[in-house]
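Structure record follows, encoded as structure tokens.
Each value in this text was obtained by applying a stated rule to the coordinates, not by laboratory testing. Quick caveat, the model's predicted, so the values are computed rather than measured. Here the Cβ is made from the backbone with ideal geometry for all residues, glycine too, and neighbour counts use every protein chain on show.
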Amino acid sequence: MKIRRGLNTAGLIVLIMLLVTTAAFAAGRAEERPVTTLKVAHYFGADHPLNINLQEVFKQTVESETDLVVEIYPANQLGAEPEFTEGVMIGNIEMAVTGNMWEMYNEEISFIQLPYIFVNMDHAYEVMNGPLGQKVYDELFKPIGIDVLGYFSQGGRALSNNVRPIESPDDTAGITMRTWQGTTIIEIMERFGFNVTVMSMDELFTALQQGVVDAQDNPVSATYHQGWFEVLDYVSMTSHIIAPNYFVANSEMMERLSDREREVVQRAAAATTEKTHNDVLAAEQEIIDMIQSEMGVEVTYPDVVPFMERVMPMIDAFKDDFPGVRDLIEEIQAVGEQYL
């Protein structure tokens, strides 16, 4: 459209309004356009159970029961987690499997990774895939434009060391624990009674081997795949942090699906996270059996209550700082008593 020279002010205003209205109409039509492709981004490798289940459960179910096309992008192919998390928020990417980076957009969400919010994997999985988890998603995720369709975890963090079995916080005296540079994890380990040293992950094997540090905390599977059990003798299954993985979708995109498509997508996502949860537990048990029988690592399952008591002030402080999630936290804690 050409603007004629000499157009008076009133005419120019009308023209601008026309252009704005046309652009808004076009944008609205774009938003209403039917969804045909679901891009799913994540950071796990192609051989990880999550990626396999996305291919064999989610993609197969959705494509066999709807006309939607599912494209899976593992191993940060659509960018690292910050990029594809933002992509889902703004709608450039339809779906993703993420960690707890959503706390960047709503700090209240960070309570999910407080120590002993969940007392074990079953507590975490069943809460976060049930009515109480849906309440969390409705109150904290939906306002930032995100639908959470499923939850699983890579496993509870365990205390591994090469000094002695750790059955209670009394056993940590004199043991130097490696952590990353995070105020929460440093406080947890200090409350447990460890001496804390901050260092990067790529230095850890040598530091354990040379006695610079004595211990580290990671899920058993991560510790095994990093090769650290070659220089670690004891692992205590404390599950002091159970880090989340969320199967998420852009809320506006989900609204544009037909009722039938939405039902299939939700059902397929739930089945995918359920199978991934079970696969993670089975793989962890296989690793535990192997490191005990073949590597001589001593695996113990301590009473977690004394560890919980050490870090309870951290949860109480969070509730004071963020009273809006106090009730959610206390509901989750109340359910957790059944799992102790």
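Quick look at the values:
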quantity: Test item: Cα-centred dipole of the chain, Lys/Arg +1 and Asp/Glu -1 on Cβ, debye; calculated: 1820
quantity: Ascending count of other beta-carbon atoms within 10 Å, so fewest first, for Arg191, Arg260; calculated: Arg260, Arg191
quantity: Most mobile of His240, His48, His277 in a GNM of the chain (Cα contacts under 10 Å); calculated: His48
quantity: Order of Val213, Val265, Val69, Val57 - criterion: other Cβ atoms within 10 Å of each residue's Cβ, fewest first; calculated: Val69, Val57, Val213, Val265
quantity: Farthest positive-ward along the chain dipole, Cα basis, beta-carbon charges - from Thr206, Met121, Leu149; calculated: Leu149
quantity: Estimated dipole of region 192-282 in Debye, rounded to 20 [Cβ of Lys and Arg +1, of Asp and Glu -1, Cα centre]; calculated: 300
quantity: Kyte-Doolittle mean at least 0.5 and Cα axial length at least 27 Å: DSSP H helices in the chain; calculated: 9-32
quantity: Helix-only mean residue ellipticity at 222 nm for the chain, each DSSP H run of n ≥ 4 adding -39500 (n - 2.57), per residue, nearest 500; calculated: -14000 deg cm²/dmol
quantity: Listed residue (Ser293, Tyr339, Asn250) projecting farthest to the positive dipole end of region 239-340, Cβ model; calculated: Asn250
quantity: Cut-off under 5 Å, modelled amide H: who pairs with Val196 long-range; calculated: Met177
quantity: Reachable lysines from Lys59, criterion Cα separation under 28 angstrom, eight or more residues apart if same chain; calculated: Lys39, Lys135, Lys142, Lys275
quantity: Ranking of Trp180, Trp102 by count of other Cβ atoms within 10 Å, fewest first; calculated: Trp180, Trp102
